[in-house]
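Novice: Please find one structure pasted underneath; my questions will follow.
The values are calculated or read from the model by the stated rules, or taken from the named source; none is laboratory data. Just so you know, these numbers come straight off a predicted model, no measurement behind them. Here the Cβ positions follow ideal geometry from the backbone for every residue, glycine too, while neighbour counts run over all protein chains shown. In case anyone asks, the SASA skips ligands and DNA or RNA and just uses the protein heavy atoms, side chains included. Shrake-Rupley method; radii C 1.70, N 1.55, O 1.52, S 1.80 Å.
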Amino acid sequence: MKYRVLVGMLMASAVMAGCSSVSNYSQKIQGIFTSKHVPDTPLYVRGSMSFWDAAPEYRLQRTAENVLSIDLNLFADGDSYEFKVADNDWSDVFNCGSQYTSQLVQPNMKTPLFCSTSSHNLSFKPEKSGVYRITLVFKDRDDIELSISQTQ
């Protein structure tokens, strides 16, 4: 649903701005996704662990056709990590977090992502220090699940 609204808004903007053609603009939006709806745009875990930067060491990597993941060393120091998944520019399409204020991500549980400039931070508090895998599964352009599991 969000995808259709976004494409509709972008197409209307293209017409009003006098772009060469609406279909070319729509093709650009379609082109940001590869098969199984995984974006070509690099995505990063951006939050308190990365000082909210899109740092290369926090870039999610494709591990399957519709899956991106990253292994991060997280510390159980009593504080929660606040974060989002976003591209380099915090674009509306790739600014993904919670639909609700500071949603707590539970280990080994699937958490739906909400991608919009109005998305809220996610929160994760590791029980033990170690390496944690953050995984995104792209079921559809509007259906992305995040999970966090300890690997070591």
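Novice: Label segment 43-152 by shape, choosing from rounded, prolate and oblate, from the square roots a ≥ b ≥ c of the eigenvalues of the Cα gyration tensor; if a/c is under 1.5 it is rounded, and otherwise prolate applies when a/b is larger than b/c, oblate when it is not.
Specialist: Taking the square roots of the gyration eigenvalues as a ≥ b ≥ c, segment 43-152 is rounded.
Novice: Here is a follow-up. Once neighbouring chains are kept in place and the probe is 1.4 Å, which whole percent of the accessible area of segment 46-126 is contributed by carbon and sulfur? All intermediate terms of the calculation are to be shown ahead of the outcome.
Specialist: Details: 2110 of 4310 Å².
Carbon plus sulfur share of accessible area: 49 percent.
Novice: Compute and list, largest first, the equivalent-ellipsoid semi-axes of segment 87-152 from the alpha carbon gyration tensor, each √(5λ) rounded to a whole angstrom. It would help to have the intermediate numbers written out before the result.
Specialist: Details: eigenvalues 93, 33, 24 Å².
Output for segment 87-152: semi-axes of 22, 13, 11 Å.
Novice: Something else about it: Got a number for the accessible area of Phe114? Probe 1.4 Å, square angstrom, nearest 10.
Specialist: Accessible surface of Phe114 is approximately 40 Å².
Novice: Which residue, chosen from Ala64, Asn95, Cys115, occupies the Cα position most advanced towards the positive end of the dipole of segment 59-122, where the dipole is computed from +1 (Lys, Arg) and -1 (Asp, Glu) charges on Cβ about the Cα centre?
Specialist: Going by the charge dipole, the pick is Ala64.
Novice: Right, something else. Give the accessible area for Ile134 in Å² (nearest 10); use a 1.4 Å probe, count only protein heavy atoms, and leave out ligands, DNA and RNA.
Specialist: 0 Å²
Novice: Under a straight-distance cross-link criterion of Cα-Cα below 14 Å, which aspartates and glutamates are reachable from Lys139, leaving out those fewer than 8 residues away in the same chain?
Specialist: Lys139 reaches Glu65.
Novice: Continuing with the same structure: At what distance in nm do the modelled label points of Gln152 and Trp90 sit from each other, each positioned 7 Å from its Cα along Cα→Cβ?
Specialist: Simple spin-label model gives 3.3 nm for this pair.
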